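K.L.:
Please see the structure below; I have some questions.
The values are calculated or read from the model by the stated rules, or taken from the named source; none is laboratory data. Because the structure is a prediction, the values reported are computed rather than measured. Ideal geometry is used to build each Cβ from the backbone, glycine not excepted, and the neighbour counts take in all protein chains shown. Just so you know, the surface numbers come from the protein's heavy atoms only, side chains and all, with ligands and any DNA or RNA stripped out. Shrake-Rupley method; radii C 1.70, N 1.55, O 1.52, S 1.80 Å.
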Amino acid sequence: MSRIVRLDEGIRELLFDGAKLALEGFSHLVPFAAGHEIIRQGFKDLKLYRMAPDIIGDQMIGMGCISELNFGWSGNPGVGSLHRFRDAVENEFPTKLLLRERTHAGMAAGFSAGAANIPFSVVRGHTGTDLSKIAEYAKNITCPFTGENLTAIEAIRPDVGIIHAQQVDRKGNVHLWGLTGIQKEAIYSSKRNLVTVEELVE
């Protein structure tokens, strides 16, 4: 059931220390306000799932909120390096950061499997690489129909999913436009969700 609440109330109600958190959105849909509220409320030991951690991920790392980062690429296009990310990796400051690097395809497939409530998705793009030898989330499999070698990608199932959108109505119907990326799958794969919006419409 959908409810319209203040951002601080929604974060306080849904999130908890140690949670697996999907914080998805690209460009104009990055959930900055939610990330800043998480910092304000002082949550710790979060396991962040984000296709491409950028400034908001860096800020959360720098404030000691994140202990584990699951990601496909990390950086901030046009601005430069993520200095708090680097400090956490190189100096364990402000806290040690466990990195679980994936491919973008692996992240998307994991969210898709979680959204479909199945244990894994199957991709071709990892075939012929050594990823299945070093990545816990990827395992080589043989297609039972064709005999083809493929890669199974473990489902991602966050405790909380947070995205940003432009509009919502009083029934909880969300309207977003632009580059949506993996937002829909991140929300459907998560146990509980929060959507920040810019406008409440009738």
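K.L.:
Of [x] 1, 7, 13, 16, 16, 13, 9, 6, 5, 4, 4, 3, 2, 1, 0, 0; [y] 1, 8, 15, 19, 19, 16, 11, 6, 4, 2, 0; [z] 1, 8, 17, 21, 22, 18, 10, 2, 0, which one was derived for P(r) over Cα pairs in 5 Å bins from 0, in percent from the structure shown?
P.N.:
[y]
K.L.:
Right, another one. Please give the contour-minus-distance gain from Trp73 to Ala116: 0.36 nm per residue of separation, less the Cα-Cα distance, rounded to one decimal in nm.
P.N.:
Gain on extension, Trp73 to Ala116, equals 13.1 nm.
K.L.:
With +1 on each Lys and Arg Cβ and -1 on each Asp and Glu Cβ, how big is the dipole of segment 55-186 about its Cα centre, in debye rounded to the nearest 20?
P.N.:
So the magnitude is around 300 debye.
K.L.:
Tell me, what % of the accessible area of the chain is carbon and sulfur with a 1.4 angstrom probe?
P.N.:
53
K.L.:
Return the FRET efficiency for the residue pair His28, Thr142: r is the Cβ-Cβ distance, R0 is 41 Å, and the value is rounded to the nearest 0.05. Numbers along the way, then the final one.
P.N.:
On the way: r = 42 Å, r/R0 = 1.03.
The computed FRET efficiency comes out at 0.45.
K.L.:
Please pull out the direction-averaged projected area of segment 9-116, using the convex hull of its alpha-carbon atoms, in nm² to one decimal place.
P.N.:
Value for segment 9-116: 6.8 nm².
K.L.:
Just the number please: accessible area per residue for segment 1-76, 1.4 Å probe, all protein chains included, in Å².
P.N.:
In whole numbers, segment 1-76 has 42 Å² accessible per residue.
K.L.:
Let me ask something additional. Give the separation of the Cα centroids, segment 95-146 to segment 12-47, in Å.
P.N.:
24
K.L.:
Run the numbers for Glu9 and Ser132: contour at 0.36 nm per residue of separation, minus the present Cα-Cα distance, in nm.
P.N.:
40.2 nm
K.L.:
Which of the peptides 79-89, 170-180 is most tightly packed, and how do the rest follow, judged by the mean count of other Cβ atoms within 10 Å per residue?
P.N.:
Highest to lowest by the protection proxy: 79-89, 170-180.
K.L.:
Any idea what the relative contact order of the chain is, in percent, if you count C-alpha pairs under 8 Å spaced at least 6 apart?
P.N.:
23
K.L.:
Sorted by mean Cβ packing within 10 Å, highest first, what order do the peptides 35-45, 119-129, 152-162 take?
P.N.:
The densest-packed peptide leads the list: 152-162, 35-45, 119-129.
K.L.:
Can you find, among Leu14, Val197, Val30, the residue sitting farthest towards the positive end of the charge dipole of the chain, where Lys and Arg contribute +1 and Asp and Glu -1 at Cβ?
P.N.:
It is Leu14, whose Cα lies furthest towards the positive end.
K.L.:
Take each of the peptides 135-142, 91-98, 182-189, average the number of other beta-carbon atoms within 10 Å over its residues, and list them starting from the highest.
P.N.:
Working: 135-142: 15.6, 91-98: 13.2, 182-189: 22.5.
Per-residue Cβ counts within 10 Å, averaged per peptide and sorted highest first, yield 182-189, 135-142, 91-98.
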